[in-house]
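Okay, structure first, notes after.
Read-outs throughout are calculated quantities, based only on the coordinates presented, and are distinct from any laboratory measurement. A quick note: this is a predicted structure, and the numbers were derived from the prediction, not measured. Glycine gets a Cβ as well: all are built from the backbone with ideal geometry, and neighbour counts include every protein chain shown.
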Ligand SMILES: [Zn+2]
């Protein structure tokens, strides 16, 4: 999650045209729940913890964009995809989408080294040209005064959630339940310095924007905030209804059916002063007219501090929130129609 910077242009939003289609069927079809339940159980607290203690280790030096520490974390992600039999996308020549230093340069910001988005891919069985993106940033803010900023929650939590969601889909595919649409698992870089990696992808997409059916973005899902200190069974859902009523309803239905979290829409209020809708990577997809959901736990005392460490993560909660993203992704990838865009994004 990027630090807040007020921008006058922040509300100057979409100018794209939107189809005034009649809303599609929003209900989850009454197909067998069993496969979803089976594979979502593979997204376990134990596996998430194992990965996060590596991704957010001191040896990754806070994963600042373009540094050796970030590249080392990236190599770990790739090694796990390889171990799970998951490949980089068709049409790409490797695991990396290079994001050049010059692209990320901004006035009054430190010069960043060349960096990389990392992508993994599971091809759809029936509609391979339609692509669901699931994204999380793997960069963090690095080191300051010799101290490592581990970024376990921000966004180590989303990073390891993505790996586990991909593994669950791959196991399903091996057992004959492959997703009908393709899924791109996108680990973006440069988020903390200005959502650079996701913006770069949105301007240099591997798959046409028109065929990109939605983006589920996960940024900070391993902790709870002060407002929920007595009950951690929640997740903030931001942006789900801004472009597609279908998408909003699918996420609601998946939650009722599978995870039963309290979905908190406080930060989806247009008037909320935090303006989180504009502050993580999903926004670069929304700008292009792609329906998005941002899953988020809110901020806490360790946000952007050296104390955002893996021992403070609630792993059962992290797994439940990742399971909601998985169940929603499953429905999006397998339902008959892609979510209809029926709203203007505001
Ligand atoms: Zn952050």
Ordered by fewest other Cβ atoms within 10 Å, a rough proxy for footprinting exposure, 106, 224 read 106, 224
Per-residue ellipticity at 222 nm attributable to helices in the chain (runs of n ≥ 4 DSSP H, -39500 (n - 2.57) apiece, nearest 500 deg cm²/dmol) works out to -8500 deg cm²/dmol
Distance in nm between residue 68 and residue 311 label points, each 7 Å along Cα→Cβ, equals 2.7 nm
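Please state the shape class of the stretch 233-346: rounded when a/c is under 1.5, otherwise prolate if a/b exceeds b/c and oblate if not, all from the C-alpha gyration tensor. Mind showing how you got there, number by number?
Details: a/c = 2.08, a/b = 1.30, b/c = 1.60.
Since a/c reaches 1.5 but b/c is at least a/b, the shape of the stretch 233-346 is classed as oblate.
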Extension length gain for residue 303 and residue 204 (0.36 nm per residue less Cα distance), in nm, is 32.6 nm
At q = 0.09 Å⁻¹, the log10 of I(q)/I(0) for the stretch 28-148 from a Debye sum over equal Cα scatterers comes to -0.35
Under the 7 Å Cα-to-Cβ spin-label approximation, residue 230 and residue 147 lie apart by a distance in nanometres of 3.2 nm
The chain: relative contact order from alpha carbon pairs under 8 Å, six or more residues apart, as a whole percent, is 27 percent
Taking alpha-carbon centroids only, the stretch 258-293 lies from the stretch 74-149 a number of Å equal to 21 Å
Rounded to one decimal in nm, the spacing of the 7 Å Cα→Cβ label points at residue 58 and residue 265 is 4.6 nm
Relative contact order as a percentage, the stretch 96-189, C-alpha pairs under 8 Å and 6+ apart, gives 42 percent
Whole-percent tail of the Cα-Cα distance distribution for the chain, cut at 35 Å, equals 13 percent
Normalised Cα Rg of the stretch 176-295, dividing by 2.2 N^0.38 Å with N its residue count, works out at 1.11
Stokes-Einstein, Kirkwood over Cα pairs, the stretch 175-232, 37 °C, 0.692 mPa s; D in µm²/s equals 225 µm²/s
Subtracting the Cα-Cα distance of residue 4 and residue 111 from 0.36 nm times their residue separation yields 36.5 nm
Fewest to most Cβ atoms within 10 Å: 332, 48 sort as 48, 332
In Å, the Kirkwood hydrodynamic radius from C-alpha pairs for the stretch 256-312 sits at 13.8 Å
